[in-house]
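Let me begin by presenting the structure, written as structure tokens, before commenting on it.
The values are calculated or read from the model by the stated rules, or taken from the named source; none is laboratory data. Note that the coordinates shown come from a computational prediction; the quantities given were computed from them, not determined experimentally. With ideal geometry, Cβ positions are generated from the backbone for all residues, glycine too; neighbour counts draw on all protein chains shown. Accessible surface is based on the protein model in full, side chains and every heavy atom, while ligands, DNA and RNA are left aside. Shrake-Rupley method; radii C 1.70, N 1.55, O 1.52, S 1.80 Å.
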Amino acid sequence: MDEMKTEVRPVPPNPLARRKSILMKAEIGRVITRPYLPSSEERIRKIIKRVLSMDEMEACTLLETVLHDFSHRHRYFRQSLERNFERVAGFVPDIDQVSKQRRLLIGTYFTAEYSVEAAAFFNPSIVQVANQETDPEGSCRFVMSFRATGEGHISSIEFRSGIIDSNNDIYFDALSDYVDTPQIHPNPSYDRHLFQLKLQEMGASNAVTHQLLNQLPDNFTFNDLRGKIAELQNNGQFLPQEKKDAIDMAMWLAQSNYQILFRKDHPISERVIFPVSETERKVIEDARFVRFIDDDGTVTYYATYTAYNGETILPQLIETCDFLSFTVITLNGAEVQGKGMALFPRKIRGKYVMLSRQDGENNAIMFSDNLHFWQQAQILQEPEFPYEFIQMGNSGSPIETPEGWLVITHGVGPMRTYSLGIELLDLEDPTRIISRIDEPILVPNAHEREGYVPNVVYSCGALIHQDELIIPYASGDQRCGIVTLQVTQVMARLAASNSSNPVSMTAPTRPRGHPAVQALPPT
């Protein structure tokens, strides 16, 4: 009798990402105008006095020089000067006697240019958007977001758009010469219940805030809040310091939630979401955009990001349907802390689901009945492979496939080198890891090692088009490229990894009680 022979099936090779020739670099000439206000009122008055002391001919000549040198660099440059003049108008003596030309000149002294990409341009995400009528059949139109960093390490969100054709060739729309900040909605509305819960999580809920909020309707506006704060100022029931602390925290929270609107006639590459509130004056960090489909088929684009003011972090949620109008909302709950939250693109068993990393080391997962509240997190996985021994996390929202949720991960290994990995989660129970590939799919090559932060490749979101996984990524925190993988090859390797080392993890629940606002952990 012949001996029984065990069939040995070859393990598919590790699918390595193929780099496209596309390279997106920081453009230091992409500048916005910002208010430039000295710290003391005395200096502001002195500057205005000096400008007013100039004779009319000298003032007009200087203004014409400034307009000649700078107006071609900005849309609506005169309007920017007018707005910044209005910021100091209260310090101008005999303002009714000041000519329009002189007002504009004063505005130039309180205006500065800011290069949004001067220091770094990195951490992209990509989402599919509706095709235009002129786009060819079989193509996929996309919007890509980036983190841009300039002077003082101030970070903002920028956008590019383009199309992936039926051959999976990628083309970007023309990059505008201008950069435009949005209009800020002057009087946003708030849900009193959500507002009160967030104050409680911040440790700012007390008798003063209770009295303040009890005088407001269930849905109140920013102007409503300011009106009640003015009344509270005259209330002798509380100590002055108690009132000041409560008012400061209520205003701090209110100004962290806002709406912005871009001009429709400007291309998306002109739009930059620059820090607006005090909570994000230093950083809008690593927005992970996702195309979310609700139960009724409605499509909304969400992005989670980290706001940082130099001392504390505040997880925020961006919501938009058209990339023109954006609503920025503070996330609530004991587990919305740390960095790197990525929302799944649909509900699972009636719940919102998000990947997260609360402890700076492990990949976690959260479930919630309410998009704005996240009270519990559970460890999904801990670092397992050498390339992620220091820490691991997600690199964007999971992508749904027939085989499961495809997740791009990142890991930090020797010499603080960041690499990208890949795994598959169960469609109906994403706490169950079906399979992981034990080697990274992308590591920094010799050209990508150098940069603002050496030895880093990183992504905040990918998509699949025609059996190709398309991953935009940053290298060295200074430039961005695109890599692709064949989904069939990825799935074959994942299947082989699963058969040789099946993984099924029931994630333990993390203890609650962690603060919603904390010192910024190291990246």
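The table below gives the values:
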{"read-out": "Identity of the residue in the range 64-88, open to solvent by 20 Å² or more (accessible area, probe 1.4 Å) and touching a residue at least 12 places away in the same chain (Cβ under 8 Å), that ends up nearest to ARG102 (Cα to Cα)", "value": "GLU82"}
{"read-out": "Tabulated pairs, the range 328-340, first farther than 14 Å from ILE318 by Cα, second aromatic (Phe, Trp, Tyr), C-beta under 7 angstrom, 6+ apart or interchain", "value": "GLY333/PHE373; GLY333/TRP374; GLU335/TRP374; VAL336/TRP374"}
{"read-out": "Any chance THR61 is more than 30 Å from GLY476 (Cα to Cα) and surrounded by 15 or more Cβ atoms within 10 Å (Cβ to Cβ)", "value": "no"}
{"read-out": "Qualifying residue in the range 157-171 (condition: open to solvent by 30 Å² or more (accessible area, probe 1.4 Å), part of a strand (DSSP E or B), without any contact (Cβ under 8 Å) to a residue 60 or more places away in the chain and not charged (D, E, K, R))", "value": "yes"}
{"read-out": "First in the range 286-298 and at pLDDT below 95, second anywhere and surrounded by 10 or more Cβ atoms within 10 Å (Cβ to Cβ), Cβ under 6 Å, 6 or more apart", "value": "ASP286/ASN123; ASP286/ARG147; ASP286/CYS460; ALA287/SER145; ALA287/ILE157; ALA287/ALA303; ALA287/TYR305"}
{"read-out": "Count of the range 116-132 residues which are in contact with a helix residue (DSSP H, G or I) (Cβ under 9 Å, 6 or more places away or on another chain) and in a loop (DSSP other than H, G, I, E, B)", "value": "2"}
{"read-out": "Residue in the range 463-484 that is in contact with a helix residue (DSSP H, G or I) (Cβ under 6 Å, 6 or more places away or on another chain), crowded, with 20+ Cβ neighbours inside 10 Å and either of a type in the set (Gly, Ala, Ser) or not in a loop (DSSP other than H, G, I, E, B) (or both) present", "value": "yes"}
{"read-out": "Output for the range 103-129, where each listed residue is open to solvent by 20 Å² or more (accessible area, probe 1.4 Å) and either more than 27 Å from THR149 (Cα to Cα) or at pLDDT 95 or above (or both)", "value": "ARG103, THR108, TYR109, THR111, ALA112, GLU113, SER115, GLN128, VAL129"}
{"read-out": "Positions within the range 468-491 being at pLDDT 95 or above and either of a type in the set (Asp, Glu) or closer than 18 Å to ILE433 by Cβ (or both), in sequence order", "value": "GLU468, VAL490, MET491"}
{"read-out": "Tally, over the range 360-390, of residues that are outside any strand (DSSP E or B) and either free of Cβ contacts under 8 Å to residues at least 24 places away in the same chain or within 19 Å of the chain's Cα centre (by Cα) (or both)", "value": "7"}
{"read-out": "Where GLY152 falls short, out of the listed (1) touching a residue at least 40 places away in the same chain (Cβ under 8 Å); (2) assigned to a loop (DSSP other than H, G, I, E, B)", "value": "(2)"}
{"read-out": "Residue selected from the range 93-102 under the condition among the charged types (D, E, K, R) and open to solvent by 40 Å² or more (accessible area, probe 1.4 Å), by the criterion nearest to LYS49 (Cα to Cα)", "value": "ASP94"}
{"read-out": "Filter result (open to solvent by 20 Å² or more (accessible area, probe 1.4 Å) and hydroxyl-bearing (Ser, Thr, Tyr)) within the range 324-350", "value": "SER325, THR327"}
{"read-out": "Lone unmet requirement of (1) assigned to a helix (DSSP H, G or I); (2) in contact with a helix residue (DSSP H, G or I) (Cβ under 6 Å, 6 or more places away or on another chain); (3) modelled with pLDDT under 90 for MET249", "value": "(2)"}
{"read-out": "Residue within the range 242-260 that is closer than 26 Å to LEU175 by Cβ and either in contact (Cβ under 8 Å) with a residue 40 or more places away in the chain or among the β-branched types (Val, Ile, Thr) (or both) present", "value": "yes"}
{"read-out": "Some residue of the range 288-306 being out of contact with any Cys (no Cβ under 8 Å at 6 or more places or on another chain) and farther than 25 Å from VAL129 by Cβ", "value": "no"}
{"read-out": "Residue match in the range 403-416 (condition: buried (at least 23 other Cβ atoms within 10 Å of the Cβ), under 22 Å from ARG160 (Cβ atoms) and among the small types (Gly, Ala, Ser))", "value": "no"}
{"read-out": "Residues within the range 211-225 that are touching a residue at least 12 places away in the same chain (Cβ under 8 Å) and open to solvent by 60 Å² or more (accessible area, probe 1.4 Å), tallied", "value": "5"}
{"read-out": "Matching option when the condition is touching a Phe, Trp or Tyr at 6+ places or on another chain (Cβ under 7 Å), open to solvent by 10 Å² or more (accessible area, probe 1.4 Å) and in contact (Cβ under 8 Å) with a residue 40 or more places away in the chain, among VAL276, VAL353", "value": "VAL276"}
{"read-out": "Sole exception among (1) of a type in the set (A, V, I, L, M, F, W, C); (2) touching a residue at least 40 places away in the same chain (Cβ under 8 Å); (3) over 30 Å from GLU468 (Cα atoms); (4) surrounded by 14 or more Cβ atoms within 10 Å (Cβ to Cβ) for ILE184, by number", "value": "(4)"}
{"read-out": "Qualifying residues in the range 226-256 (those that are polar (S, T, N, Q) and in contact with a Ser or Thr (Cβ under 8 Å, 6 or more places away or on another chain)) - the one surrounded by the fewest Cβ atoms within 10 Å (Cβ to Cβ)", "value": "GLN255"}
{"read-out": "Candidate set from the range 427-439 (those that are open to solvent by 10 Å² or more (accessible area, probe 1.4 Å) and more than 27 Å from the chain's Cα centre (by Cα)); member that is nearest to ILE482 (Cα to Cα)", "value": "GLU439"}
